[in-house]
Amino acid sequence: MKKMQLTTKIFIGLALGILLGIILQPNPDIASKYVKPFGTLFLNLIKLSIVPLVFSSLVVGTCSMDDVRKLGRIGGKTMLYYMMTTAFAVTIGLLLANVTNVGGGFSIPVDAKVDIAEAPAIAETLLNIIPSNPLKALVDGNMLQIIAFALIIGASIIGIGEKGKTLYNFFDSFAEVMYKIIGVIMQFAPIGVFALITPVVAVNGPKVLLPLLKLILVVYAGCALHAILTYTSTVSIFAKVNPVRFFKGISPAMVFAFTTASSSGTLPITMKCSEENLGVPKSISSFVLPLGATVNMDGTAIYQGICAFFIAQVYGLELSVGAQLTIILTATLASIGTAGVPGAGMIMLGMVLQSVGLPLEGIALIAGVDRVLDMMRTMINITGDAACAVVVSATEGELDRGIIDKQVVVSK
Ligand code: ASP
């Protein structure tokens, strides 16, 4: 009998998890007490690999752009793709919010009180990118700083030529070890996905979701529209890749992002799928994807655009065209500063609201359903990273089309 593919097993884990979640809705405590720990254990295993993986693979990725011109070219293409698609994403979000009148007919529940963590200012976010203490950045898992440090080390290894070889080999071997660890952890993904989704469904029953159903539907629709419009077109026009194959190849990572709501946590799987299903070479995936998991968040940007509009409407405030353009700019920047962990986008939403003078308390309205929104936006976030990796590889003439054509989909 043919061995079942890991992707299929992950989907089955998801379906069973949702089913059990629905069954346990009357007693969500059972899900939180007895099922969630397995999910947490699995997530910890994944988390263990994130910082070492991002750092080592980004150093190796940077070094493999053997000359500085190539590094500049690929870096430029990547950032251009990330910024353009993110700005486009917020625009889609805002258009949809306008058209659907997302906050219309919603009245403010009196008990909506939540402690809102303060979002950092834009300037602070940008200044913080360079770590004054790189080891602290590694220990704290500060991804933007880790990226900056890895890029500096990688570029300097290229800079010293032959003498840098030893360090390069070290990181190369280190990254391989991380891939190996992740490969083993991935075998448990179906159980992990199952255990992570069950409590989410059980806790977020219809009672929590129904009042904000319209907002949820609009955010989901915005994300789906962005995937269909932006990724389908960029992947087919610039990379000449069949979009169905693209989505099929990245689907295990999408499911994983949906259940964990963490781009960083999904990074190992995004890399694996991009390389083994979509033909992205390691030299490009190890540069574009760790960067994307931290700075490229199209789903988050869509969410921030729609939520800002929603909050304005609920508070009876009019958002002028100028204010909406400001939202496009700040949401693009805010999504760069958003960490790839659950809930980070909601904190950065504060920055977007502040930029157009909307009340921060509005976040409290959304907080109850944020997890459900987070799952969808994270799924879009990582899909955007993979689309960029495919497009950049194709434009560099380095996409392995043979892999896409005989796509077997990651199984080990
Ligand atoms: N959870 C999202 C991610 O990891 C970030 C967010 O909260 O928007 O991509």
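The values are calculated or read from the model by the stated rules, or taken from the named source; none is laboratory data. What you are looking at is a predicted structure, and each value in this text was computed from that prediction instead of being measured. We place every Cβ from the backbone using ideal geometry, glycine too, and count neighbours over all the protein chains shown. Note: areas computed on protein heavy atoms with side chains; ligands, DNA, RNA excluded. Shrake-Rupley method; radii C 1.70, N 1.55, O 1.52, S 1.80 Å.
Taking 0.36 nm per residue of sequence separation and removing the Cα-Cα distance, the residue 173/residue 367 pair yields an extension gain of 65.6 nm. Here residue 229 and residue 401 are evaluated by their C-beta separation; at R0 = 25 Å the FRET efficiency comes out at 0.55. Cross-link pairs exceeding 25 Å in C-alpha to C-alpha distance, out of 9/406; 70/180; 9/248; 240/406; 70/163, comprise 70/180.
When every alpha-carbon pair in the stretch 229-375 is counted, what percent end up more than 23 Å apart? Don't skip to the end; give the middle numbers.
Numbers: 4488 of 10731 pairs.
Result: 42 percent of Cα pairs exceed 23 Å.
Tell me, rounded to the nearest percent, the portion of alpha carbon pairs in the stretch 135-274 spaced more than 23 Å apart.
Result for the distance tail: 58 percent.
Just need log10 I(q)/I(0) for the stretch 11-110 at q = 0.10, 0.11, 0.16 Å⁻¹, Debye formula, equal scatterers on the alpha-carbon atoms, no solvent, rounded to two decimals. Each listed q corresponds, in turn, to -0.71, -0.82, -0.99. All C-alpha pair distances within the chain, sorted into 20 Å bins from zero, spread as 28, 59, 14, 0 percent across the bins.
Ranking 73, 377 by solvent-accessible area of protein heavy atoms (1.4 Å probe, all protein chains present), from largest to smallest, gives 73, 377. Here the label points at residue 236 and residue 15, each 7 Å from Cα along the C-beta direction, are separated by 2.8 nm in the simple model. Helix content alone sets the calculated 222 nm mean residue ellipticity of the chain: runs of n ≥ 4 DSSP H residues at -39500 (n - 2.57) each, divided across all residues, give -24000 deg cm²/dmol. Screening the chain for DSSP H helices whose Cα atoms reach 27 Å or more along their own axis and whose mean Kyte hydropathy is at least 1.0 gives 36-64. Checking every one of the GluC sites (Glu not before Pro) in the stretch 271-377 against DSSP loop status and a limit of 10 other Cβ atoms within 10 Å picks out 318.
Working with all protein chains in place, sort 60, 139 by solvent-accessible area computed with a 1.4 Å probe, largest first.
On the way: 60 20, 139 125 Å².
Per-residue accessible area, sorted high to low, gives 139, 60.
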